[in-house]
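Derivation of every value follows stated rules applied to the coordinates shown; laboratory data play no part. Keep in mind it's a predicted model, so treat the numbers as computed, not measured. Note that we place each Cβ from the backbone using ideal geometry, even for glycine, and neighbour counts take in every protein chain shown.
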Amino acid sequence: MSTAAPVICLDGPSGVGKGTICLAIAKRLGWHILDSGSLYRITALQVSRLFPGTNVISINVQQLADIANNLSICYRCENDELSVFLNDENITQLIRGEEIGAKASQVAAIPEVRKALLDRQRAFLQPPGLIADGRDMGTVVFPDAVLKIYLTATPEERANRRYKQLKDKGIGVNLAALVEELRLRDERDMNRQAAPLRPATDAIIIDTTTLDIEQVTNEVMYWVNQRISH
Ligand code: DC
């Protein structure tokens with residue numbers, strides 16, 4: 001990759017806390033953020049709007065790739081929150097639901113969709129640097145990244161965290177259903193042919209099961225300080 005700006009990749013399964021840690025690290029370093037999952041979620045939202053009630057597998061892959069190619073997206077970081085706009089519509093909350101997450105995981109399994117989103121993801125790399133959050137940041141999108149972190153936690157712990165998050169927002173959910181949903185999503189993301197979720201061979205693996213946000217942030221910052229002078 002012919003750019004002087006460094007990249008830090010933060011990969012890992014759903015609900016492991018990548019988004020929160022990315023924001024914390026980006027804030028400390030003053031770097032840009034790529035929330036690559038949001039691109040798959042926005043694609044899923046647009047697919048469900050253009051093909052309401054249609055199963056993703058019955059839609060022509062070229063049509064899906066065209067949707068991914070033609071998204072007009074804009075991100076704004078306000079009050080420590082990343083807001084997402086599609087054609088000037090604020091869709092931040094709309095794309096956060098479990099249903100869109102599951103659909104995102106389905107569209108993300110389609111190689112043509114992944115290819116359509118590749119350059120868009122790489123274009124986020126701007127000085128002074130980028131923190132990239134996703135599943136294949138270190139393996140496919142930014143293989144030359146200066147630091148690759150892979151966060152893990154047990155499905156039960158990740159479901160618990162999501163459960164608390166949703167409960168705090170006043171959204172009632174069933175914990176057992178969340179665990180099952182996460183297992184299904186892990187299975188699809190890890191076993192697909194195109195860019196499956198797995199740690200890059202040169203990634204540092206951090207098990208966050210028993211750590212809080214501050215502890216994970218500090219651990220990541222330790223590695224940032226080892227690898228990057230800033
Ligand atoms: O990180 P997230 O939950 O917002 O991601 C939603 C889905 O998108 C996830 O289940 C798998 C997919 N995804 C992917 O395949 N590759 C990425 N780099 C990011 C997300």
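Between Ser48, Ser38, Val16, the Cα set farthest toward the positive side of the dipole of the chain (charges on each charged residue's Cβ, about the Cα centre) is that of Ser48. For Ile204, nonlocal amide neighbours, meaning residues 5 or more places apart or on other chains whose placed amide H falls under 5 Å from its own, are Lys148, Ile149, Tyr150.
Peptides 155-161, 187-193, ordered by how many other C-beta atoms sit within 10 Å of their residues on average, highest first, read 155-161, 187-193. Note on Ala123 and Asp88: the extension gain reaches 10.6 nm, defined as 0.36 nm multiplied by sequence separation minus the Cα-Cα distance. Could you tally the net charge around Val146, taking each other residue with its Cβ under 13 Å from the Cβ of Val146, Lys/Arg +1 and Asp/Glu -1? Within the 13 Å Cβ shell, the charges total 0. Going by neighbour counts of Cβ atoms within 10 Å, the residues Lys103, Lys18 line up, fewest first, as Lys103, Lys18. Highest mean packing comes first when the peptides 127-133, 167-173 are listed by Cβ atoms within 10 Å, giving 127-133, 167-173.
Proximity of backbone amide H atoms, modeled 1.01 Å from N, is registered between Ile33 and Ile131 at under 5 Å, excluding neighbours fewer than 5 places apart on the same chain. As a calculated quantity, the FRET efficiency between Leu71 and Asp202 at R0 = 35 Å, using C-beta atoms, amounts to about 0.65. Using the Cβ-Cβ distance between Leu50 and Val140 with R0 = 25 Å, the FRET efficiency computed as 1/(1 + (r/R0)^6) comes to roughly 0.40.
Counting only aspartates and glutamates at least 8 places from Lys27 when in the same chain, those with an alpha carbon closer than 19 Å to its own are Asp11, Asp35, Glu78, Asp80, Glu81, Asp133, Asp212, Glu214, Glu219. Sorted on the mean count of surrounding Cβ atoms within 10 Å across their residues, most packed first, peptides 211-221, 6-16 read 6-16, 211-221. Along the stretch 195-204 the Karplus relation, 6.51 cos²θ - 1.76 cosθ + 1.60 evaluated at θ = phi - 60°, assigns HN-Hα couplings of 6, x, 5, 6, x, 5, 4, 9, 8, 8 Hz to successive residues, with x for each Gly and Pro.
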